[in-house]
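Asks: Before I ask anything, let me first share the structure, which is written out below as structure tokens.
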């Protein structure tokens with residue numbers, strides 16, 4: 001059960017962000033801001049999409065939604081996430097720290113710690 005909660009929390013933390021701008025000539029990739037974009041759990045089991053205050057977590061193998069929720073910035077590099085597990089039908093708070101542009105370290109309210117890595121698209 002704890003592993004399912006951890007997976008749901010991890011998955012609930014990621015969004016597609018490989019932004020590109022077009023025009024005549026080559027396309028330039030825009031760097032995602034903050035946590036916006038897609039993040040993968042360090043074990044590769046799930047990925048989370050963060051977009052404009054909303055997120056969802058999906059299983060990497062099936063694409064099934066595991067969790068959804070919302071997030072707010074609680075500091076310049078800190079994010080508070082409310083995770084609604086669709087598997088366990090529970091709500092959990094998670095605090096994350098953006099330690100680099102590609103790594104998000106998170107701790108769930110029950111003490112479980114996990115890392116998300118920004119997924120590069122394009």
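The values are calculated or read from the model by the stated rules, or taken from the named source; none is laboratory data. All of these numbers come straight from a predicted model, not from anything done at the bench. Heads up, the Cβs are rebuilt from the backbone with ideal geometry, glycines too, and the neighbour counts pull from every protein chain shown.
Asks: Show the residue pairs that are 6+ apart or on different chains and have beta-carbon atoms under 7 Å apart, the first residue being within the stretch 86-105 and free of Cβ contacts under 8 Å to residues at least 40 places away in the same chain, the second being loosely packed, with under 12 Cβ neighbours inside 10 Å and not in a loop (DSSP other than H, G, I, E, B).
Replies: Pairs that qualify, where the first residue is free of Cβ contacts under 8 Å to residues at least 40 places away in the same chain and the partner is loosely packed, with under 12 Cβ neighbours inside 10 Å and not in a loop (DSSP other than H, G, I, E, B), are 105/99.
Asks: A follow-up question, please. Tell me, which residue of the stretch 106-122 that is touching a residue at least 60 places away in the same chain (Cβ under 8 Å) and over 15 Å from residue 41 (Cα atoms) is surrounded by the fewest Cβ atoms within 10 Å (Cβ to Cβ)? Quick ask: steps written out before the conclusion?
Replies: Residues of the stretch 106-122 touching a residue at least 60 places away in the same chain (Cβ under 8 Å): 106, 108, 110, 112, 114-122.
Pick out the ones that are also over 15 Å from residue 41 (Cα atoms) and you get 110, 121-122.
Numbers: 110: 12, 121: 13, 122: 7.
Restricting to residues being touching a residue at least 60 places away in the same chain (Cβ under 8 Å) and over 15 Å from residue 41 (Cα atoms), the top hit is 122.
Asks: Additional query: Can you tell me which of 92, 102 is farther than 20 Å from residue 120 by Cα, at pLDDT 95 or above and surrounded by fewer than 22 Cβ atoms within 10 Å (Cβ to Cβ)? Can you show your working first?
Replies: Details: 102 fails: farther than 20 Å from residue 120 by Cα.
One residue alone meets the criteria, 92.
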